[in-house]
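What follows draws every value from the coordinates through simple rules; no lab data is involved. Keep in mind the model is a prediction, meaning the values are calculated, not measured. So basically every Cβ, Gly included, is an ideal-geometry build from the backbone, and we count neighbours across all protein chains shown.
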Ligand SMILES: [Ca+2]
């Protein structure tokens with residue numbers, strides 16, 4: 001948003017207060033409790049980077065070179081659609097002229113190519129979408145040549161006339177008036193009538209166009225200025241309901257429009273978090289951050305999008321910014337180390353004038369970003385961000401443990417047995433013996449360096465068998481340790497020697513595609529290049545491909561190589577074991593092309609010829625968080641013989657019911673239980689006695705269980 005006005009201390013008349021309260025009530029009841037499913041960022045890489053005003057070609061390069069390898073899961077781009085042309089200000093991006101994907105940051109083809117490149121690097125693309133309004137200009141020619149006048153934006157994309165705008169044409173002057181905030185003009189921007197079915201569909205068409213290019217998430221600009229009921233209606237028209245959504249709702253106490261109204265639609269940016277970080281880092285005590293994840297004045301963690309700063313707040317002083325030096329870096333370390341919200345690292349360009357655009361050509365086309373030249377900050381490349389993304393990925397699913405502080409600005413805490421961080425926001429260094437829950441070993445501090453060959457390029461820290469570690473935290477510095485950055489770990493194999501070295505993936509040809517490909521990554525490795533590797537005919541109705549998994553889990557999606565994808569409802573498939581068979585969203589572990597039992601030395605010739613088999617479809621209702629997966633394990637070989645490492649992965653395509661069909665010997669009775677695996681590989685058995693099921697003589701028996709916690 002261009003210079004989004006924020007309300008000062010509420011100062012309103014009794015009448016205005018009454019009106020606001022009435023309107024608040026009217027608005028709040030509309031959403032009710034019918035919250036649609038909210039998609040969290042999928043997979044174990046949940047951190048986003050906002051590459052503000054980076055060109056599409058620059059982002060593509062960055063995905064391959066740094067963002068993907070660092071472990072970022074998402075990149076948020078600036079708005080990609082046609083905008084006004086003025087004097088090169090950054091905020092022209094926030095003044096739409098049409099929904100053509102052509103802008104000063106690149107073309108539609110470049111946007112699409114960037115998405116493909118980023119995806120191949122394991123990075124999903126989220127788009128900053130401006131849908132509350134069109135431009136503030138009364139006439140002009142847009143970036144892509146669209147000629148417009150006030151409230152007249154011609155077809156084909158974003159075809160709007162006066163009837164498509166709210167009747168209020170005046171400026172928002174009172175943030176305590178819900179009607180004004182959502183219907184009148186924000187800094188002159190012509191406010192779309194988002195209550196109109198036509199407008200909602202136009203906006204949805206734009207979002208769906210982006211999805212067709214491969215976009216997986218939206219950051220909704222100015223969401224506060226769109227009634228939550230309108231935004232929910234637009235969301236319901238999105239072609240892929242699994243996309244990730246985070247909304248800009250700038251909360252201010254006492255105002256009628258509050259962030260909580262929008263949490264049923266998607267995540268909401270938690271401005272109070274960023275404001276608090278600034279306050280604490282500048283003039284408070286870092287010790288006050290203990291317990292932040294359950295603070296009553298913050299949104300629930302699983303609904304909060306958090307950031308240290310964004311493009312508005314780095315300019316208006318509401319938060320810290322790159323201009324705050326080490327304080328800003330420490331704030332990023334804390335955000336990425338601490339388990340609250342879904343973080344977005346911000347990376348823009350240096351500026352003196354708040355309106356100044358990114359470095360650009362005379363015609364306004366923005367230059368490709370370059371690092372190390374004093375123009376773009378490239379803050380996402382710092383160890384405090386890039387290496388801390390690796391930290392966050394390594395500790396996913398763990399809670400804060402071993403919190404320590406000195407009552408002031410020196411704090412340290414662990415993330416279970418996965419990581420440990422110490423932050424020293426003071427002018428003198430801190431040396432002490434810390435108590436960690438880390439496994440004993442030699443760790444590389446990822447703030448001063450990284451794992452390098454058989455050692456560390458920065459500080460080395462030894463953790464004793466009792467978990468203690470003595471080290472020095474620099475003044476206004478930090479130390480961060482995690483299990484994926486142990487000294488010499490670059491040479492240690494991470495494969496599990498007890499499992500096979502390859503996974504044969506079968507895929508049912510029920511899609512009717514002319515060709516089948518598997519796009520995958522092994523463990524935390526890199527994705528194959530889009531569209532992935534060809535699968536070949538295996539037997540009637542099936543294609544297959546052997547993946548060199550080294551025993552690690554394979555994350556995969558399937559495609560015809562021509563734009564059609566089966567990515568398990570955007571969650572991708574998690575495949576493990578020596579054989580997996582994917583059919584209509586269900587992952588099994590039986591070779592569908594005849595198991596050709598390798599001349600087993602069965603000394604039981606009394607068995608019926610070709611002992612018949614039937615299937616049991618195991619299903620369990622289990623609530624999980626991002627990174628967790630549910631498996632079934634039992635006493636038969638097909639169910640892993642009680643070895644959790646050989647458990648059968650269940651698909652979450654019908655979440656909260658996890659399900660997979662397993663072929664078992666007909667008529668036998670098997671015992672089984674469900675286990676939950678965390679992103680870090682640790683697992684939890686459900687409680688209670690073993691479950692039991694008798695396999696039918698033929699066909700499929702469907703069982704529906706509920707996780708016993
Ligand atoms: Ca509006």
(request) Give the peptides 477-483, 104-110 in descending order of average Cβ contacts within 10 Å, highest first. (result) 477-483, 104-110
(request) Sort 186-192, 660-666 for me by packing, meaning the mean count of neighbouring Cβ atoms within 10 Å per residue, highest on top. (result) 186-192, 660-666
(request) Treating the angle as unsigned and between 0 and 90°, give the value, to the nearest 10°, between the Cα long axis of helix 14-31 and the longest Cα principal axis of the chain. (result) 30
(request) Give me the number: length gained by fully extending residue 433 to residue 109, i.e. 0.36 nm times residue separation minus the C-alpha to C-alpha distance, one decimal in nm. (result) 111.1 nm
(message) Could you give the length gained by full extension between residue 625 and residue 170, i.e. 0.36 nm per residue of separation minus their alpha carbon distance, to one decimal place?
(response) 159.3 nm
(request) Under 1.5 on a/c is rounded, so check that first for the stretch 157-197, then, if it is not, pick prolate when a/b is larger than b/c and oblate when it is not; a ≥ b ≥ c are the square roots of the alpha carbon gyration tensor eigenvalues. (result) prolate
(message) If I fit a long axis through the Cα atoms of helix 108-120 and take the longest principal axis of the Cα atoms of the chain, what angle between them do I get, 0 to 90°, rounded to 10?
(response) 40
(request) Evaluate the chain: find the radius of gyration of its Cα atoms, find its Kirkwood radius, and give the ratio Rg to Rh. (result) 0.99
(request) Rounded to the nearest 500, what is the 222 nm mean residue ellipticity of the chain from helices alone, with -39500 (n - 2.57) per DSSP H run of 4+ residues and division by all residues? (result) -4500 deg cm²/dmol
(message) Between 0 and 90 degrees, rounded to the nearest ten: what's the tilt of helix 271-283 against the longest Cα principal axis of the chain?
(response) 80
(request) Determine the relative contact order of the chain: mean sequence separation of Cα pairs under 8 Å and six or more apart, normalised by residue count, in whole percent. (result) 10
(message) Once you place label points 7 Å from the Cα toward the Cβ at residue 465 and residue 703, how far apart are they in nm?
(response) 4.3
